[in-house]
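Peer 1: Shown below is the structure under consideration.
Every number in this text was worked out from the coordinates using simple rules, so none of it is lab data. Keep in mind that this is a model prediction, so the values were computed, not measured. As a convention, Cβ positions derive from the backbone with ideal geometry for all residues, glycine included, and neighbour counts pool all protein chains shown.
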Amino acid sequence: MIRNIKLYPYFQAARFLLFWQAGWFLYFEQTLSGAEALLLAACFDIGTVIFEVPSGYLSDWFGRRRTLIASMTAAVLGCLVLYAGSTFEGFLCAQILLGSSVALASGTDNALLYESLNAEGRQSEVAVRESKAIRLSMLALSLAAAAGGLVSLLSFPLAYLATAVASGLALVIAINFQEPETPQQDRQVHLPLQQFREVFRKLRDPVLFWIVAFAAVSLVLEDVPYVYLQPFLREALTDHGLDANAPLVTGFFIAAIMGTSAVLGGLAPVLRRHLSDPAILLAMLAVQLMLVWSMALIVNVGVLAVLLLRMVPSTIAYPLQLHIIQPRLPHGIRATYLSLQNLVSRLSVSGTVIIAAWVFGDSGSLEREALSAIIICYAIGGTVMLAMLTAAAIMFHRRFEHPGEDR
């Protein structure tokens, strides 16, 4: 299992070399329309939603390694279709492929690392190992964003071709993984209906239920500066006559975001010496909410200084979520459970984006007034959810300290 532990951060880095991230919205908007670009963003999440829970069950049944191989194969195919395609139908199929790739890796990657560590008697290292992998992923995203911004000035499709090559590298690494060793009595996987009953039974634990709600709100708030970043930058740059350079600026700005996250993500151990895990998670949610309020109230390049913090909360919070969740789950439902949690989060994201696309209509580019109106709705909803999660964390704070024995 030592091979898995060593290869894991490089696998995560390779699959996050997303060179298309600097220009995907502008590419879709240029080729189709603003409303269709939003719909395609939602289709990515729908593709994730459709395959999320089945992929977790597939992982628990057929193994972590095979599922990750399928994930990277879907990523390569999706990027190649986006490179060669030009129609809404083609883009739709490609977005669903990319969404399915995310779903297949979702939970399976974390389960592979945890079970590899567990086989070596090193399961207590999960938060540290996940934090290292996430920080390396942020550096990969940073490099890909800067390079992708330059490539997008020449051709948006070329960015997808470069991503296909990177996903191919991740596929090669996945092929070299070993299936984690787990005692036979812990490998029990139920028939689908019973499997889901076992998963939902776990949600009787108020801590796990709280994490599900937290993860959903966090992902929605994290996606606001992602989905709406490119039109936001275009509108902000228009004031300075630089809107034609939006892809280049977006690429380097995303690179700066990821670089900031890679550096500040290392603060997690320091924070844990002074704060409880739920307190850290709530603080990270408050930071995300602050960013959304900034975008809602000020469409100006000055907001970019604040948005540099976009990925810092998730870089710190996600390993802590896994640290809380993993010991509470047996092997046989681990990937299914994590996929279900991600399903709830993705449904929340895609639902809000679809509503925004419906309200926006089909009138062309997403301009300043519509952009601010959409984002302020996210800000208000996030404020309400932060208050509710804080009250619940205070109510159940003692339960966070007793995860039960690892199985």
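Peer 1: Pairing the Cα long axis of helix 334-360 with the longest principal axis of the chain, what angle in degrees results, from 0 to 90 and rounded to the nearest 10?
Peer 2: 20 degrees
Peer 1: Read phi for every residue in region 261-272 and hand back ³J(HN,Hα) as whole Hz from Karplus 6.51 cos²θ - 1.76 cosθ + 1.60, θ = phi - 60°, with x for Gly and Pro.
Peer 2: Going residue by residue, I get 5, 4, 6, 6, x, x, 7, 3, x, 5, 4, 5 Hz, with x marking Gly and Pro.
Peer 1: So what J values fall out for region 52-64 if you push phi through Karplus, 6.51 cos²θ - 1.76 cosθ + 1.60 with θ = phi - 60°, rounded to Hz, Gly and Pro as x?
Peer 2: For region 52-64, the Karplus curve yields 4, 5, x, 5, x, 5, 4, 5, 5, 8, 9, x, 5 Hz.
Peer 1: Could you give each residue of region 74-90 its phi-based ³J(HN,Hα) in whole Hz, using Karplus coefficients 6.51, -1.76, 1.60 with θ = phi - 60°, and x for Gly or Pro?
Peer 2: With the stated coefficients, region 74-90 comes to 5, 5, 4, 5, x, 5, 5, 5, 5, 5, 8, x, 8, 10, 4, 4, x Hz.
Peer 1: Full extension from T87 to K202: what is 0.36 nm times the residue separation minus their Cα-Cα distance, to one decimal in nm?
Peer 2: 37.0 nm
Peer 1: Stretched out fully, how many nm does the piece from T238 to I2 gain, at 0.36 nm a residue minus the Cα gap?
Peer 2: Contour length minus the Cα-Cα distance gives 79.8 nm.
Peer 1: Compare the peptides 109-115, 157-163 by average per-residue count of other Cβ atoms within 10 angstrom and give them in order, highest first.
Peer 2: 109-115, 157-163
Peer 1: Report the FRET efficiency, 1/(1 + (r/R0)^6), for R122 and F209, where r is their Cβ-Cβ distance and R0 is 30 Å, rounded to 0.05.
Peer 2: For R122 and F209, the calculated efficiency is 0.55.
Peer 1: Divide by every residue of the chain the summed helix terms, -39500 (n - 2.57) for each DSSP H run of at least 4, and state the resulting mean residue ellipticity at 222 nm, rounded to the nearest 500 deg cm²/dmol.
Peer 2: Only helices count here, giving -26000 deg cm²/dmol.
Peer 1: Something else: May I ask you to sort T383, T250 by Cβ crowding, counting other Cβ atoms within 10 Å and putting the fewest first?
Peer 2: T383, T250
Peer 1: Using only the alpha-carbon atoms, how far is helix 156-175 inclined from the longest principal axis of the chain? Give it as 0 to 90 degrees, nearest 10.
Peer 2: On a 0 to 90 degree scale, this one is about 10.
Peer 1: Quick one: which of 202-212, 333-343, 53-63 comes out on top by average Cβ neighbours within 10 Å, and what's the full order, highest first?
Peer 2: Result, highest mean Cβ count within 10 Å first: 333-343, 53-63, 202-212.
Peer 1: Suppose R0 equals 51 Å. What FRET efficiency, 1/(1 + (r/R0)^6) with r the Cβ-Cβ distance, do E179 and I376 give to the nearest 0.05?
Peer 2: Computed FRET efficiency for E179 and I376 comes out at 0.60.
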